[in-house]
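Below you will find the structure I want to go over with you.
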Amino acid sequence: MQRCAHCGFLTYPPVPVCSRCHADPPAFEWADVSGHGRLATWTIVRDAFLPGFADITPYVVGEVELVEQPGLRVVARVVGIDHDALRPGLALRVDFVDGGDGTRVPVFVEAEP
Amino acid sequence: MSGRFAAAGEVAVVGYAHSPIRRSHDVELGVLTLRTIRAAVADAGLDIAAIDGFTTGALFPASSGLRLRDGIEIVTGDWVADQLRIQPRWLCGFQGLGQICGSVILATEAIASGAADYVVVHRAMYNPPTRYHTNAMTHAADADQWSAPHGLWGPPSHMALVYTEYMQRYGATREHMATVVTGGRRTGSQVPWSHWFGRPLERADYLSARMIADPMSVLDCDIPVTGVGAFVLTSRERASDLPHKPVYVAGYAQGRSTTVGGVGPWRLDDVEEGGRAVARILWENAGFGPEQVDVPQVYDAFSPFVYLWLEALGFCDRGEAFEYVQDPPVSGLPFQTGGGAIGNGRMHGVPQMLECYLQLAGRAGDRQLARAEVGLACQAAPSIGGVVVYST
């Protein structure tokens, strides 16, 4: 996760200038995050517009607010949870799945209580 | 009504034309555009040679990666001026979001400053034969890398994230939205050039519509179409010599995103906060507030925009629009008399502006409201789009 070396603000996706302190010159570092967060919002995709996704419809894409910073949201699929069980604030943790060509793609699963 | 906008009442819309809105036409988009612009200029009682300014926002809003050729998939003001063999005194392309509002704002400033006397504002929309947002990409880079690898693609799914959050936070349901969508289709079915002319929608058909990305169904999205709207604007003084009652630009505002990071173009908190900031600028410029508006035409390319705009502009409080639209408390305030995008097709803000013009000019025919002195037309998301108010 991109972190401002001046003020510590985390930003996702990465930006050229810190969204909080706007320091000049900008300075950033990569920070590890816990992979824990809460479900902020979601959609159940039934009509996929990209190759490779039609085979797995319907699937859930969520915005997950990471525990490290209020408002810090990442987008990823939310897997292994009944659609009816989706609710704001649901505790999630990251997992990684094969994205092809040697890539690993983050997804979120329900966090153990 | 005296706000800080010094050009209020100085620039007028004096004529219009609209092509039929169809899934496809038998002529190229450029040809349809030239026909529509010529008709608008004639409607204004002018000769085409009088036109000395052109502007549009030519954005093609699809995510399919389609090749864009001027005169075929898009039509710029440059292309129009060239085809009409006019050397314009003023020519400007709007690059932001809320293309028709932005173009009207540019045209108003050009006329008020004296840079141009008669400006054509047009918007040409194209429906490709391929699917609008289906993209064959197999590798994602740049901004796409944050959404595509997760299967999040195209504006409907981004809007779905905002809409889910709205529904969860405030308790709105698809039953509430059925009122918005069937209402737009009901008025749109009375608009002669509409794709949906003569085809209103039943609530049950809305509620059983195919879902694209829950909670967005296919009917929560305006249908992709090919069509052109064109308007002629000039100064108050010149307008007084023309056949139709002038409709004046009374004020405007444009948004910018307040997003502090995020993958999609919208986030509910940002749309709400940014939208209220835009509204404050609008009402300060105009010198009046929402209670003065007789003809509020709010943007509805995705149905949740109706809620977001009504709340941002102050027609109702935050989180209350889904109830407000069921029974508008301000004496039946008509927010969708022109049918909007849901009732006309994907014309990107043209239906909103056109309805303001027709109602305020007294040209709305069977749909004419008894009182139509102040209109409002907006486009895109409240936080990043545009809004223009009009007066008689």
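With +1 on the Cβ of every Lys and Arg and -1 on the Cβ of every Asp and Glu, and nothing else charged, how large is the dipole of chain B about its Cα centre, in debye rounded to the nearest 20?
Magnitude of the dipole: close to 660 debye.
OK, next. For region B:211-361, build the charge dipole from Cβ charges (+1 Lys, Arg; -1 Asp, Glu) around the Cα centre, then report which of B:308, B:336, B:251 sits farthest towards its positive end.
Ranked along the dipole, the leading option is B:251.
Taking K and R as +1 and D and E as -1, what net charge do the other residues with C-beta under 11 Å from the C-beta of residue A:47 add up to?
Net local charge, residue A:47 excluded: +2.
Mind ordering B:364-377, B:141-154 by average Cβ neighbours within 10 Å, highest first?
In descending order of packing, they fall as B:141-154, B:364-377.
Which value results when the Cα radius of gyration for region A:34-113 is divided by 2.2 N^0.38 Å?
Taking the Cα Rg and dividing by 2.2 N^0.38 Å, one obtains 1.08.
Report the local net charge at residue B:235: Lys and Arg +1, Asp and Glu -1, summed over other residues whose C-beta lies under 14 Å from its C-beta.
-3
Moving on to the next point. Once you list every other residue whose beta carbon is under 15 Å from the beta carbon of residue A:99, what net charge do they have if Lys and Arg are +1 and Asp and Glu are -1?
-3
Considering only A:59, A:41, A:106, whose Cα is most displaced toward the positive end of the charge dipole of region A:16-113, charges sitting on Cβ of Lys, Arg (+1) and Asp, Glu (-1)?
Farthest towards the positive end: A:41.
Once the Cα gyration tensor of chain B is found, what semi-axes does its equivalent ellipsoid get, as square roots of 5 times the eigenvalues, in whole Å, sorted largest first?
Listed largest to smallest, the semi-axes of chain B are 30, 25, 20 Å.
Another question, if that's okay. Can you list residues whose amide H is under 5 Å from residue B:154's amide H, if they're 5+ apart or on another chain and H is modeled 1.01 Å from N?
Counting only residues 5 or more places away or on other chains, the set is empty.
Each reported figure results from applying straightforward, stated rules to the coordinates on display, with no laboratory input. Everything numeric here is computed off the predicted structure, so don't read it as measured data. A quick note on method: Cβ atoms are made from the backbone with ideal geometry, for glycine too, and the neighbour counts reach across all protein chains shown.
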